[in-house]
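Report on the structure given below.
The values are calculated or read from the model by the stated rules, or taken from the named source; none is laboratory data. Model, not experiment: these values are computed from the prediction. No Cβ is skipped: glycine too gets one built from the backbone with ideal geometry, and neighbour counts run over all protein chains shown.
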């Protein structure tokens, strides 16, 4: 998950839209099928649309979701997370580089869409632990 934080006055752009989408694959109990979803992971539940109080922001990347933090530390505090479960940063490898770069791009796009332009004071935090 990547978080974009910036402390700037102003309200988010009302043009950000909420999207609905299909959730990731769920493993069948007792099988070795896909491990894309972990029901104990809040981010998996958000990505699957199982956290109704969390509104998903429009995201051009079909593999990621973006939403506002439920306890924002700044006015523009967004989380960009992959739809497929990743237990922690220790699980990342070179195959994930493109995904992480896409997370950064989506975060910047969300900030721009909400009229945030001062990228000199943006903090990117990678934290994929459920």
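Considering 67, 116, which residue is assigned to a strand (DSSP E or B) and crowded, with 18+ Cβ neighbours inside 10 Å?
Unique residue meeting the criteria: 67.
Provide a single number: the residues in region 89-104 that are assigned to a helix (DSSP H, G or I) and touching a residue at least 24 places away in the same chain (Cβ under 8 Å).
7
On the given criteria, is residue 21 in a strand (DSSP E or B), modelled with pLDDT under 90, surrounded by 12 or more Cβ atoms within 10 Å (Cβ to Cβ) and touching a strand residue (DSSP E or B) at 6+ places or on another chain (Cβ under 8 Å)?
no
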